[in-house]
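Since the structure comes first, as structure tokens, the remarks are kept for the end.
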Amino acid sequence: MPPLPKRKTSKGRRDRRRSHLALKPQNLTECPNCHNLYVPHRVCPNCGYYNGEQVFEIKESKKSK
Ligand SMILES: [Zn+2]
């Protein structure tokens, strides 16, 4: 006999298993320099500041997609 499940997983059991699969929304913090929302422990994409110093220069003439 092939190794197969003995019983079909019921809808209730399947759904209970998937109750932990939901993704939580990404945690965002406000930049102390420009008050833009950014991912914590990353350089702010709006002003290029991290930990009070400028890490990279921002090109002002950015075309929005
Ligand atoms: Zn910023």
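When the helices of the chain are scored as -39500 (n - 2.57) per DSSP H run of n ≥ 4 and the total is divided over every residue, the value at 222 nm lands at -2500 deg cm²/dmol. Relative contact order, whole percent, for the chain stands at 15, derived from Cα pairs under 8 Å and 6 or more residues apart. Around the Cα centre of the chain, unit charges on the Cβ atoms of Lys, Arg, Asp and Glu (plus for the first two, minus for the last two) sum to a dipole of about 1240 debye. When the convex hull of its Cα atoms is viewed from all sides, the chain shows a mean projected area of 9.5 nm².
Extension gain, Ile58 to Cys34, is 7.4 nm, computed as 0.36 nm per intervening residue step minus the present C-alpha separation. Here r is the Cβ-Cβ distance between Asn51 and Ala22 and R0 is 25 Å; the resulting FRET efficiency, rounded to 0.05, is 0.15. Each of Leu4, Pro40, Thr29 was placed along the dipole of the chain (beta-carbon charges, centred on the mean Cα), and the one lying farthest toward the positive end is Leu4. Atom-type composition of the exposed protein surface of the chain places 52 percent of the accessible area on carbon and sulfur (1.4 angstrom probe).
Scoring 5-17, 26-38 by mean Cβ neighbours within 10 Å over their residues and listing the highest first yields 26-38, 5-17.
The values are calculated or read from the model by the stated rules, or taken from the named source; none is laboratory data. Note that the structure is a prediction, hence the values are computed from the model and not measured. Backbone-built Cβ (ideal geometry, glycine too); neighbour counts: all protein chains shown. We work out accessible area using only protein heavy atoms, side chains counted, and drop any ligands, DNA or RNA first. Shrake-Rupley method; radii C 1.70, N 1.55, O 1.52, S 1.80 Å.
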